[in-house]
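> Supplied in structure tokens, the structure appears directly below.
The values are calculated or read from the model by the stated rules, or taken from the named source; none is laboratory data. Every value quoted in this text rests on a predicted model; they were computed, and no experiment measured them. Quick reminder, even Gly has a Cβ in these numbers, built from the backbone with ideal geometry, and neighbours come from all protein chains shown. For the accessible areas, the whole protein counts, side chains as well, though only heavy atoms, and no ligand, DNA or RNA atoms are used. Shrake-Rupley method; radii C 1.70, N 1.55, O 1.52, S 1.80 Å.
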Amino acid sequence: HRSPRVDSRFRKGSRMFRALLLVAGAYGATAAAPKGFTLDLTPSGLTQFLGVPFTTEGPGSVAALRNSLVSATRKWANTQIAELNSKVGASEYPYFAWIPPLRAKLVPGAEPVTWAASCYQDVTGSAERSADGVSFAITMTMRSPKSPLCSDTYLFASLESTIAIEHFGVGVDAVRKVVYNVTANDLTSAGNWDLTTNGIRIFSFVGSWEQTLADIVATLDLFVPELTKDVPDFTAKANLDFLKRYAGIDMEPRSTVSVRVNKSLVHSGDGLYIVRLDGLDPMLAFAMGSTTGHVTTALWMGGELYVVESTVKDSYWPVDGIQRTPWDEWLQQAHEADFQVVWAPLSAENRAKFNETAAVEKFLEMEGLEYGYRNMLWGWVDTVKDNYPCFPPGSSTCLEWEHVMLIFSMMWKVSPNHADVFFSQAWNKRLGTSGLGPAEILQYSKEHNIDPSTIPTIVEEDSWLYNTTRFGEQTMGGSAVCCVFGCHIWKAGGLFDGLDDIQCTEQTNFDDYSLTMFDTTTPRPEACQQADPNNVVCQLEGKYTLHLNSYDTRKPYSHMGEKCPSMAPNYSRPSDC
């Protein structure tokens, strides 16, 4: 991809400015200048771009897609750093610092838009469509750089076309012209409507391109354990750093890794709450305002104690979907996977109330259903902006609605099946439509006076059925992630009697273990006290101490967890949350 020709207007410089240009020239002698590129959002395009085969289909394809993205993107970023001969390290808060804020939307033919980027504080941009309709000319006038050596890296995107990366600098006033190409034959009528109505999305990265690459590597290092059976020490330390500095969660090392209690002490309905330092669990904990990333439940069946859960077959777990595992076997698997596990027994009152027979029937009804990807995100997102996390320092970078739409559209291009699983089914269900893609959903929303950013906030209902699988066969069934499934077992067991309007599909990890369901008066078994004298729950597994924040503090209430924010690091909640 050839960088656009620059029409630069330089002010007459002083000796100081000439000296700075000489410094920039010296820097360029050792570090290569970054080059722009265009990303073709197809499996073959990603394979060519990342340099490794890119898996999107087949058994376990969601985990395969995630693992392909982690390993391939990590390798690509490290290769880019090597090619640039970059000595620039990651930023002080590197995790997710590479997420580029939205700066503007350039609608073809509309009035110019002005914004500020990280380097250039005064940028004006406009877009014009070419006569043949297959490309757009973007003109950007950049003024007032923060320093003579700064630069900006931009990402240009639309919902049904390519993504382009361009680099603008070094810090002098300039006019730049970018040709943003669109393959007209690939656009649906809704995609064309979106381009001409909502325009080209203009994002720019907060740091330099070299620092952005280093931040990408630091972030992906968190997820290395998704590819391994155990958790390597260097990634455990990185995840602990992420949790402490981003979410205020401090996990101290334990001298005792495994604790065992007599199974007779464990009752049906007791909770097991887990975090694995593998990138995914800490990210989910950070987003939900919890200290855990996974929930399971104890359930006696046929005289044997099982752990029942909704989870995913992965490098460290052998079975996919809603499943049961004998207690001892589950604990051994948890140990080998480097889980942190705490056991939270129900209170005597709730143990007496719990209808084990009804809970077992509910489990058997759901056993074998695929993990709840279809509503995984949308039971969590209750607000237009106060669930999307912001990142330190000072919450200067946040996940935004436009990022969500961009991810949806990218996934729609790369793998429509995965987009259907993660986005399309749930959003169409909320709109009363079926089969609409991202641009079509935006167009439908506009035509029906719906703010599209409110779609994820529509309450998920337990009765909704999705196109899913059960024991590997296609079926219509419910969709439940771990905490949702745990809530279903409690609900079937009668713990929410009198509160039938609780939608389990709206609950998170925090919602489960912060409820006043548990025994906080009976002394913990001696082995638990000796291993963790300062923990209020019994930790059965883990190299690091796991505390449950706000444990057993909230009474269940009608329409629980339907309109609740979860914004780090304070996680302030209204009184009805």
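> Scan around THR162 for amide H atoms under 5 Å from its own, H built in the peptide plane at 1.01 Å from N, and keep only partners 5 or more places away or cross-chain.
HN-HN under 5 Å from THR162: THR183.
> Here is a further query. I'd like to compare 470-477, 304-311, 336-343: which one has the highest average count of other Cβ atoms within 10 Å, and what's the full order after that? Display every interim value, and only then the final one.
Numbers: 470-477: 12.2, 304-311: 21.1, 336-343: 23.0.
Packing proxy ranking, top to bottom: 336-343, 304-311, 470-477.
> Counting only complete DSSP H runs, which helices of the chain cover 24 Å or more along their long axis at the Cα atoms and score a mean Kyte-Doolittle of -1.0 or above? Walk me through the numbers on the way to the answer.
Details: long enough: 61-83 (32 Å, -0.09).
Going by DSSP H runs, the hits are 61-83.
> Can you tell me the length gained on complete extension of the stretch THR454 to ALA131, counting 0.36 nm per residue apart and subtracting the Cα distance? Please list the in-between numbers first.
Numbers: separation 323, 0.36 × 323 = 116.28 nm, distance 3.62 nm.
Roughly 112.7 nm would be gained on extension.
> Moving on. Amide H to amide H, which residues 5 or more places from ASP314 or on other chains are under 5 Å from it, using H placed in the peptide plane?
VAL319
> Taking the solvent-accessible surface of protein heavy atoms with a 1.4 Å probe, what is the per residue accessible area of region 313-391 in Å²? The partial results should precede the final answer.
Working: 3000 Å² over 79 residues.
Normalised by residue count, the accessible surface of region 313-391 is 38 Å².
> Something else about it: Summing +1 for each Lys or Arg and -1 for each Asp or Glu, what net charge is found among the other residues whose Cβ lies under 10 Å from the Cβ of PHE203?
On the way: positive: ARG103, ARG201; negative: GLU400, GLU402.
That sum, taken over residues with Cβ under 10 Å, equals 0.
> Here's another thing I want to ask about it. Per residue, what volume in Å³ does the Cα convex hull of region 278-420 take up?
On the way: hull volume 24.0 nm³, N = 143.
With only Cα atoms used, region 278-420 gives 168 Å³ per residue.
> Can you tally the net charge around ASP576? Count Lys and Arg as +1, Asp and Glu as -1, for every other residue whose Cβ sits under 11 Å from the Cβ of ASP576.
+2
> On a C-alpha basis, how far is the centre of region 355-412 from the centre of region 100-161 in Å? Whole number, if you could?
Centre-to-centre distance over Cα atoms comes out at 32 Å.
> Taking only the alpha carbons of region 459-524, what extent do you get along each of the three principal axes, in Å, biggest first?
Its Cα atoms span 47, 26, 20 Å along the three principal axes.
> Report Rg (one decimal) and Dmax (nearest whole number) for region 302-349, counting Cα atoms only, units Å.
My reading of the Cα-based Rg and Dmax gives 12.1, 39 Å.
> Which whole-Hz couplings ³J(HN,Hα) result when phi for each residue of region 108-125 is put into the Karplus expression 6.51 cos²θ - 1.76 cosθ + 1.60, θ = phi - 60°, listed in order with x for Gly and Pro?
Residue by residue, region 108-125 yields x, x, 7, 5, x, 10, 10, 8, 10, 10, 5, 8, 7, 8, 9, 10, 10, x Hz.
> Among THR124, VAL134, ILE163, which residue has its Cα positioned farthest towards the positive end of the charge dipole of region 86-233, with +1 placed on the Cβ of Lys and Arg, -1 on the Cβ of Asp and Glu, and the dipole taken about the Cα centre?
It is THR124.
> Can you give the alpha-carbon Rg of region 141-277 over 2.2 N^0.38 Å, where N counts its residues?
On the way: Rg = 24.1 Å, N = 137, 2.2 N^0.38 = 14.3 Å.
With N residues counted in region 141-277, Rg over 2.2 N^0.38 Å equals 1.69.
> Where Rh denotes the Kirkwood radius from the mean inverse Cα pair distance, what is Rg over Rh for region 251-348? Don't jump to the answer; show the numbers that get you there.
On the way: Rg = 13.5 Å, Rh = 14.2 Å.
My calculation of the ratio gives 0.95.
> Where does the charge balance sit around LEU346 when Lys and Arg score +1, Asp and Glu -1, over other residues with C-beta under 11 Å from its C-beta? Let's see the in-between values first.
Values: positive: ARG351, LYS353; negative: ASP270, GLU349, ASP519, ASP552.
So the environment of LEU346 carries a net charge of -2.
> OK, next. Computed over the Cα atoms of region 141-180, what is the convex hull's projected area averaged over all directions, in nm²? Kindly include the intermediate steps, with their values, before the conclusion.
Working: hull surface 11.9 nm².
Projected over every direction and averaged, the Cα hull of region 141-180 covers 3.0 nm².
> In whole percent, how big is the carbon plus sulfur part of the accessible area of the chain, probe 1.4 Å, protein atoms only?
Working: 12920 of 24220 Å².
Exposed carbon and sulfur together represent 53 percent of the surface.
> Per residue and in cubic angstrom, what volume does the convex hull of the Cα atoms of region 103-207 have?
Numbers: hull volume 8.5 nm³, N = 105.
Cα-based convex hull of region 103-207, divided per residue, equals 81 Å³.
> Quick one: pull the percentage of alpha-carbon pairs in region 379-453 with a separation above 21 Å.
Values: 855 of 2775 pairs.
Distances greater than 21 Å cover 31 percent of the Cα pairs.
> May I have the extent of the alpha carbons of region 43-153 along their three principal axes, as whole Å values ordered from largest to smallest?
Each principal axis gives a Cα extent; for region 43-153 these are 49, 41, 23 Å.
> How many times 2.2 N^0.38 Å is the alpha carbon radius of gyration of region 420-577?
Working: Rg = 19.5 Å, N = 158, 2.2 N^0.38 = 15.1 Å.
That works out to 1.30 for region 420-577.
> How much of the calculated P(r) for region 353-483 lies past 19 Å, in percent of all Cα pairs? Write out the running numbers ahead of the final one.
On the way: 4751 of 8515 pairs.
Here the tail beyond 19 Å accounts for 56 percent of pairs.
> Just to confirm, what accessible area per residue do you get for region 466-577 at 1.4 Å probe, in whole Å²? Before the final figure, lay out the partial values.
Details: 4690 Å² over 112 residues.
In whole numbers, region 466-577 has 42 Å² accessible per residue.
> Still on this structure, please answer the following. Checking the table LYS177/LYS413; LYS35/LYS87; LYS229/LYS362; LYS229/LYS543 against a 23 Å threshold on Cα-Cα, which pairs fail?
Numbers: LYS177/LYS413 27 Å; LYS35/LYS87 17 Å; LYS229/LYS362 31 Å; LYS229/LYS543 15 Å.
Long pairs (Cα-Cα over 23 Å): LYS177/LYS413; LYS229/LYS362.
> Provide the per-residue ³J(HN,Hα) series for region 417-426, in order, calculated from phi with Karplus coefficients 6.51, -1.76, 1.60 and θ = phi - 60°, each as a whole number of Hz, with x at glycine and proline positions.
4, 5, 4, 5, 5, 8, 10, 4, 4, 5
> Based on the alpha-carbon set only, what is the convex hull volume of the chain divided per residue, in Å³?
Numbers: hull volume 91.0 nm³, N = 577.
In the chain, the Cα hull volume divided by residue count equals 158 Å³.
> Moving on. Under the Kirkwood approximation for Rh and a Cα-based Rg, what ratio Rg/Rh is obtained for region 323-400?
Working: Rg = 18.9 Å, Rh = 17.1 Å.
Rounded to two decimals, Rg/Rh equals 1.10.
> Mind pulling up the Rg/Rh value for region 419-512? Radius of gyration and Kirkwood radius, both on Cα. Could the numbers behind the result be given before it?
Numbers: Rg = 15.2 Å, Rh = 14.9 Å.
In region 419-512, Rg relative to Rh is 1.02.
> Can you give the FRET efficiency to the nearest 0.05 for SER575 and GLU252, using r as the Cβ-Cβ distance and R₀ = 25 Å?
Values: r = 32 Å, r/R0 = 1.28.
Approximately 0.20, to the nearest 0.05.
> Let me ask something else about it. Starting from 0.36 nm per residue, how many nanometres of slack lie between HIS559 and ALA116 once their C-alpha separation is accounted for? Please report the intermediate quantities before stating the final value.
Details: separation 443, 0.36 × 443 = 159.48 nm, distance 4.18 nm.
Result: 155.3 nm gained on full extension.
> Does anything in region 521-554 have its amide N under 19 Å from the 7 Å Cα→Cβ label point of ARG260, and if so which residues?
Residues 525-532, 538-543 qualify, since their backbone N sits under 19 Å from the label point.
> Using a 4.7 Å cut-off between beta carbons, which cysteines in the chain end up with no partner cysteine at all?
So far as the 4.7 Å Cβ criterion goes, CYS482, CYS483 stand without a partner in the chain.
> Provide the gained length on full extension for the span SER189 to THR124, in nm with one decimal, where the gain is 0.36 nm per separating residue minus the Cα-Cα distance. Mind dumping the intermediate values first?
Details: separation 65, 0.36 × 65 = 23.40 nm, distance 2.91 nm.
So the chain would gain 20.5 nm between SER189 and THR124.
> May I ask you to evaluate 6.51 cos²θ - 1.76 cosθ + 1.60, the Karplus curve with θ = phi - 60°, for each residue of region 140-151 and list the ³J(HN,Hα) values in order in whole Hz, giving x for glycine and proline?
10, 9, 10, 10, 6, x, 5, 8, x, 10, 7, 8
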